[in-house]
Amino acid sequence: IYADPAKRLELYFRPKDPYCHPVCANRFPTSTMLLKVRRRTKKKKQLDTEEQIQPEVQFEMEILGIVTTVYKFQGMSDFQYLAMHSGPDGKQTSMYDKVLMLKPEKEEFFNRELPLYIPPPIFSRLDTPIDYFYRPDIQHRSGYNNPQVSGENLIGLSRARRPHNAIFVNFDDEEVPTKPLDAAVQNWNKVCTNPVDKKVEEELKKLFEVRPVWSRNAVKANISVHPDKLKLLLPYLAYYMLTGPWRSLWVRFGYDPRKHPEAKIYQVLDFRIRCGMKYGYAATDMPVKAKRSTYNYSLPITVKKQVSHTVSVHDLKQGLGTAGTSGAKKPPSSRYKLKESIYIFREGALPPYRQMFYQLCDLNVESLQKIIHRNDGSESECTERDGWCLAKTSDDLRDSMSLMIKQIIRSTRPALFSNKTSSEDGKEQLAYESGEDEDDEEEEEEDFKPSDGSENEMETEILDYV
């Protein structure tokens, strides 16, 4: 728990009871000292029986260390649910020995007649008192009509579209838009109120002039712009492809990649790192983290607000300000920028996540580019599956990239491949450099990650605009 600042410390009143509901403590920074105090009592000899002599007391104090973190139990305790059964006479009988399987049991254990016992599926989500302001359901008001929602992007019956006004284009659509919606222009003009925003707009225009198709992560790695403003700026300059070889990408207005064979270098490749016994390593062995994992899920028992970090003695020792590593802020020019590895695949480097969306031109490996350009000058048809490339080009790229990543993991963790035969090693003998783990940069500002929702980057981006 201490290793993850976002987690809460749980206290179980009955640790051996799986039905025990814990109370949780929040984590707070502090600057206190841990003291060791000894109380020594020295009794004096009593010479006169009539006079009582007070014993001499001495205190000895010693500083053992500095306390930088403290956990405080500030919430209320929830109801506790016991595996009990009430008999006809009102007597309570424990059912733990009947419902808990502590050792392998025979079939008779599961066929016994027992009273019905159904524990609650979830306890209270909050452990602090709040005021809940009840509101009437707006759908029951007279004259209320559900907002107009596109049938293709239907999320819910009363789910209105977000006011970002992006234009979505399918591969089968005949024409592509040449200009943004009027609402998108108005939205951007509202937020473009300072020279910094105008500069970002000009920078993004130049990017689309150099390269007509971009992914959102690639834009984030080249321009420092707040994600909320980028959501309004992209629909102002480009449209979004939903299907086909350029799906999940932003295309400059008026540019139709289906009519230009040279646009094949901008096609998207959905690459996922392969793992399993036949590849020699499991998901837990990979030095690449997943965007989201169910194993790290913590129950939303309460809303944990971030508290400002007070200056502690530990911080003073480490150093503050521009001279210290913890106090240095990122310059505004790169505050919201992502690393290049978020959209570029390089030889000898591991991807930052297990699922990545790469554009073909961002695969910076000579052997991969040879696969992409096998049919240069002879492109005849643009298909929805392979675009302007030869059939199964994506499969060939994934095979080559998976082999590269396997070699990197082999060099960093040779113990995983100790049982491989020499014949298998000979087939896959490639001289790739070992990948170095990139340390995450410490930021005092918000940490803008490539995905704050689904594991599927395309799905996440669509939900931002629909």
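Using a 1.4 Å probe, how large is the accessible area of Leu360, given in Å² and rounded to the nearest 10?
Spelled out: Leu360, probe radius 1.4 Å, area about 10 Å².
Compare the peptides 83-91, 366-374, 2-10 by average per-residue count of other Cβ atoms within 10 angstrom and give them in order, highest first.
Ranking the peptides 83-91, 366-374, 2-10 by packing returns 366-374, 2-10, 83-91.
Based on the mean of other beta carbon atoms within 10 Å per residue, what is the order of 249-260, 348-359, most packed first?
The packing order, highest mean first, is 348-359, 249-260.
Determine, for each peptide in 406-412, 394-400, 105-111, 63-69, the mean count of other beta carbons within 10 angstrom over its residues, then list the peptides with the highest first.
406-412, 394-400, 63-69, 105-111
Which shape class, rounded, prolate or oblate, goes with the range 1-87 when its Cα gyration tensor gives a ≥ b ≥ c as root eigenvalues, a/c under 1.5 marks rounded, and past that a/b bigger than b/c marks prolate?
Taking the square roots of the gyration eigenvalues as a ≥ b ≥ c, the range 1-87 is oblate.
The values are calculated or read from the model by the stated rules, or taken from the named source; none is laboratory data. All figures in this text were calculated on a predicted structure; none of them were measured in a lab. For neighbour counting, all protein chains shown are included, and Cβ atoms are generated from backbone atoms with ideal geometry for every residue, glycine included. What goes into the accessible areas is simple: the full protein's heavy atoms, side chains included, and nothing from ligands, DNA or RNA. Shrake-Rupley method; radii C 1.70, N 1.55, O 1.52, S 1.80 Å.
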